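The values are calculated or read from the model by the stated rules, or taken from the named source; none is laboratory data. Since this is a predicted model, take the numbers as computed values, not measurements. All Cβ positions, even for glycine, are placed from backbone atoms using ideal geometry, and neighbour counts span all protein chains on display. With ligands, DNA and RNA removed, areas are computed over all heavy atoms of the protein, side chains included. Shrake-Rupley method; radii C 1.70, N 1.55, O 1.52, S 1.80 Å.
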Amino acid sequence: MDLQLAGKRALVTGGTVGIGLAVAEGLASEGVHLVLCARNEERLLEEVERIKQQHGVEVNGIRADVSIAEDIDHAIAYVKDKFGKLDILINNAGTGSNETIANAPDDRWQYYWDLHVMAAVRLSRGLMPLMKKANGGVILNNSSICAKQPLGYEPIYNTTKAALSMFSKCLANEAITHNIRVNTVNPGLILTPDWKKTATALGKEEGITADEYLDKLAKANTPIGRFGTPEELARFFVFLCSPMASYCVGSTYYVDGGWLNVVE
Ligand code: NDP
């Protein structure tokens, strides 16, 4: 299938490792030009150079913390300067949490709200004018199965991802009038560095290794019995970015090895 993505322009937040990197590479392999953003500048520059060499597309990087409004303003200005127009926005940057509601202070809630919700609000609002210039576009919000089916140790993550999913639905209704398709992807267990960090911490509490924790978690929760790879998930993101997914609007798609335990 020709995905008709060659020559399009995309911004991928958190595009330097894990799911964001796999999506960035998936898009680059279809001929999409990229801006990647993340906080760790060294890793950002390394990945920009590597993807450029490997796929022969234009790849740019901007250091930005998307939980901070000023950094987002800089990122928007950078995309405008580099591309003038934009076709694809992947709101991906995010991370898990670990707390109880009884003990978590306000500033922890505020941080995750800014990272998971306001980043998507600010980037969508700031970049939709560039999509209108391109006569349309695609915004994908990387939420989580936890937006629907919470994990017990991370109430702030669950809550802010649920808010992101609702934002995504509201934006979809508004944006489609400008030929901008907005959808949400809810991944299940995808083996990325973020999970390895979490498994190290939670495994220690149970007296088992990170690998043992990950295996136990996958077998206990997913009918498929294993973690997915970032590449398995990225292929779905890339399809949703394509004009071949032209009737996909305002939906939430699960890529979770069967983990969601209700009929949607
Ligand atoms: P990783 O930790 O592997 O990668 C996160 C990426 O986001 C990195 O590039 C990181 O770069 C960047 N990032 C993190 N915080 C910020 C920030 N404040 N500003 C800018 N960039 C940031 O995470 P995953 O790939 O596992 O997760 C990616 C997304 O997918 C997250 O939103 C997560 O909630 C979601 N998800 C993941 C699942 C999984 O099983 N892995 C399941 C469901 C959802 P840097 O540190 O340099 O900023």
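Filter the stretch 73-87 down to residues that are open to solvent by 60 Å² or more (accessible area, probe 1.4 Å), touching a residue at least 24 places away in the same chain (Cβ under 8 Å) and away from the ligand (no atom under 14 Å from the Cβ), then give me how many there are.
3
Go through the stretch 5-40 and count every residue that is surrounded by fewer than 24 Cβ atoms within 10 Å (Cβ to Cβ), part of a loop (DSSP other than H, G, I, E, B) and near the ligand (Cβ under 6 Å from one of its atoms).
Of the residues in that region, 3 qualify.
Looking at the structure I just gave you, is Ile90 outside any loop (DSSP other than H, G, I, E, B), within 20 Å of Arg181 (Cα to Cα) and either of a type outside the set (S, T, N, Q) or open to solvent by 30 Å² or more (accessible area, probe 1.4 Å) (or both)?
Yes, satisfied.
In the set Glu70, Glu49, which member is surrounded by fewer than 13 Cβ atoms within 10 Å (Cβ to Cβ) and within 15 Å of the ligand (Cβ to nearest atom)?
Glu70
Tell me, please, whether a residue that is more than 16 Å from the ligand (Cβ to nearest atom), under 19 Å from Pro129 (Cα atoms) and modelled with pLDDT of 95 or more can be found in the stretch 53-61.
Checked the stretch 53-61: no residue is more than 16 Å from the ligand (Cβ to nearest atom), under 19 Å from Pro129 (Cα atoms) and modelled with pLDDT of 95 or more.
Return yes or no: is Ala134 farther than 29 Å from Gly203 by Cα, in the same structural domain as Val238 (by TED's automatic domain parsing), away from the ligand (no atom under 14 Å from the Cβ) and crowded, with 16+ Cβ neighbours inside 10 Å?
yes
Looking at (1) polar (S, T, N, Q); (2) surrounded by fewer than 21 Cβ atoms within 10 Å (Cβ to Cβ); (3) more than 9 Å from the ligand (Cβ to nearest atom), find the lone condition where Thr95 falls short.
(3)
For the stretch 105-122, name all the residues that are away from the ligand (no atom under 15 Å from the Cβ), in a helix (DSSP H, G or I) and open to solvent by less than 80 Å² (accessible area, probe 1.4 Å).
Selection gives Trp109 alone.
Considering only residues that are among the aliphatic types (A, V, I, L, M), open to solvent by 40 Å² or more (accessible area, probe 1.4 Å) and part of a loop (DSSP other than H, G, I, E, B), which ones fall in the stretch 229-264?
Result: Val249, Val262, Val263.
Considering only residues that are in contact with a helix residue (DSSP H, G or I) (Cβ under 6 Å, 6 or more places away or on another chain) and more than 12 Å from the ligand (Cβ to nearest atom), which ones fall in the stretch 186-201?
Residue satisfying the conditions is Thr200 alone.
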